[in-house]
Amino acid sequence: MKKLSRRNFSSKMAIGAGGTLLAANLPLGLTQLKMDKKKLGVALVGLGNYSTDQLAPALQDTKNCYLAGIVTGTPQKEDVWAKKYNLPKGNIYNYENFDSIKDNDEIDVVYVVLPNAMHADFCIRAAKAGKHVICEKLMAVSVAECDQIIAACKEASVKLGVGYRLHSEPYTQQVKEFVKKKTYGDVTFVSAEAAYRSTGNPSQWRLNKELSGGGALLNMGVYAIQSAIYGTGENPISVSAQEFSTRPEYFKNTDETITAQLNFSSGAIANITTSHNFSANSMYVSGTNGWFKLQPANNYGPLSGSTSDGKKLDFPHESQQKLQMDDFAAHILYGTTNLAPGEMGKRDMIIVSAIYESIAKGGKTIALDIPENYGFST
Ligand code: NAD
């Protein structure tokens, strides 16, 4: 008999329940969409490495959505992608004519996969075109921009998700369940690391503050921040941070290595590390009654985990991007949980900003005023 994974089981249950429950309460447009479409059309904006190697291939296997169009600033990519993915000419846009996507009924969701500083502009334009939006992490380069994206999506009555793929992933879901059920007691400590060594072209956008908004903290540190939050099940109430720079000639205007300590109202503390100078990829959670850890904790998987009572976590591997996009499409189609709403992206940007503020003030503790559960899956 085919083994039913935890994830398959819960997503089937959720869609079944949501599908019947919500029809009566949906706005007319959404009800129509739900009746007409079993699969939503997704347009990828920005055809760099992540779109090319992860998202487009994953969209060939998704059940609730499919690759319907592209938006690219590189004309040579148009034909290549059209041939490879059998895309009609009418579903291919560039950055200038992108707004006319509003007239295209085959595109339901716009997925913005550009350098961070371009997210706000394209997410807001997508919302104004009446399309649901997935915004890659980091959501934007300031809290104000996150607010603008959230407001534009609200104004247009479209759904907004952030590309935090791990929330759709079974090891991460298991971590959240351990925390919720207090399987290992009350969480008292989380250690989370997310880092890799950057050696490529020093003029790449990730090392250019104008385009990235910052360095390792924005690119990888956000995974460690996320681990600290789902590892404790709480938003932090304060943070202090330190920065280390050993290759200033390479990291000219972006941060290389940052460590930060987060405090939570339960009394739990978290220590996070991020870097563009070395590799690290793990989370460890200690409770009053044992511990559990994931290593790796934040790459494309399969992840791996173990616990203090000798369990080895073992879930079947599926593309995280496929799971993530199917979950978001199910949220639109059937009203299931939005696992990574826009508010989650904004919350993380608030924490990122506080970490930079602490560093600028010599490691001073910065109080955070984030409401309980703000930015959690909804
Ligand atoms: P990339 O450098 O491979 O691609 C960037 C794309 O943006 C290219 O198609 C490029 O042509 C286009 N672009 C448009 N204007 C540009 C400009 N002024 N400078 C540079 N590129 C420009 O980057 P990527 O790895 O595909 O990352 C894109 C986004 O996806 C980022 O926000 C990144 O954080 C995010 N990302 C997320 C994950 C994840 O696991 N969720 C993984 C990788 C990347």
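The values are calculated or read from the model by the stated rules, or taken from the named source; none is laboratory data. Remember, predicted model here, so these are calculated numbers, not experimental data. FYI the Cβ positions are ideal-geometry reconstructions off the backbone, even for glycines, and counts take in every protein chain you see. Heads up: the accessible areas ignore ligands, DNA and RNA and are worked out on the full protein's heavy atoms, side chains in. Shrake-Rupley method; radii C 1.70, N 1.55, O 1.52, S 1.80 Å.
If I take every Cα pair under 8 Å that is 6 or more residues apart in the chain, average their sequence separation and divide by the length, what percent do I get for the relative contact order?
18 percent.
Post the alpha-carbon centroid distance, segment 339-378 to segment 222-287, in whole angstrom.
Between the Cα centre of segment 339-378 and that of segment 222-287, the gap is 12 Å.
Which entries in LYS84/LYS128; LYS182/LYS311; LYS37/LYS84; LYS38/LYS77; LYS102/LYS128; LYS37/LYS131 show an alpha-carbon gap greater than 19 Å? Please list the in-between numbers first.
Working: LYS84/LYS128 29 Å; LYS182/LYS311 16 Å; LYS37/LYS84 24 Å; LYS38/LYS77 29 Å; LYS102/LYS128 8 Å; LYS37/LYS131 15 Å.
Correct reply: LYS84/LYS128; LYS37/LYS84; LYS38/LYS77.
If a/c stays under 1.5 just call it rounded; otherwise compare a/b with b/c (prolate if a/b is bigger, oblate if not). Do that for the chain, with a ≥ b ≥ c from the square roots of the Cα gyration tensor eigenvalues. Show your work: numbers first, answer last.
Details: a/c = 1.66, a/b = 1.24, b/c = 1.34.
The shape class here is oblate.
For TYR250, put the label point 7 Å out on the Cα→Cβ axis and report which residues of segment 193-236 keep their amide N under 11 Å from it.
Once the point is set 7 Å along Cα→Cβ of TYR250, 196-202 turn out to lie under 11 Å by backbone N, inside segment 193-236.
Evaluate E = 1/(1 + (r/R0)^6) for GLN76 and ASP314, where r is the Cβ-Cβ distance and R0 equals 35 Å; express this FRET efficiency to the nearest 0.05.
On the way: r = 44 Å, r/R0 = 1.24.
Here the calculated transfer efficiency is 0.20.
If you average the C-alpha positions of segment 311-336 and of segment 125-199 separately, how far apart do those two centres end up, in angstrom?
14
Rounded to the nearest 0.05, what FRET efficiency is calculated for ASN49 and LYS176 with R0 set to 35 Å and r the Cβ-Cβ distance?
So the FRET efficiency works out to roughly 0.75.
Rounded to the nearest 0.05, what FRET efficiency is calculated for LYS102 and ASP369 with R0 set to 35 Å and r the Cβ-Cβ distance?
0.40
Loop only per DSSP, at most 13 neighbouring Cβ atoms within 10 Å: give me the trypsin sites (Lys or Arg not before Pro) in segment 181-211, ordered by residue number. Mind showing how you got there, number by number?
Numbers: sites: LYS181, LYS182, ARG197, ARG206, LYS209; in loops: LYS182, ARG197.
For trypsin sites (Lys or Arg not before Pro) across segment 181-211 that sit outside H, G, I, E and B with at most 13 neighbouring Cβ atoms in 10 Å, the list reads LYS182, ARG197.
Rolling a 1.4 angstrom probe over the protein heavy atoms, how many square angstrom per residue are accessible across the chain?
Using a 1.4 Å probe on heavy atoms only, each residue of the chain averages 44 Å².
Report, to the nearest whole %, how much of the accessible area of the chain belongs to carbon and sulfur atoms, 1.4 Å probe, protein only.
54
Once you have the Kirkwood Rh of segment 39-163 from its Cα pairs, apply Stokes-Einstein at 20 °C and 1.002 mPa s and quote D in µm²/s.
Value of D from the Cα-based Kirkwood radius: 151 µm²/s.
Which loop-located GluC sites (Glu not before Pro) does segment 243-294 contain, where loop means any DSSP state but H, G, I, E or B and the Cβ has at most 13 other Cβ atoms within 10 Å?
In loop regions of segment 243-294 (DSSP not H, G, I, E or B), the sparsely surrounded GluC sites (Glu not before Pro) are GLU249.
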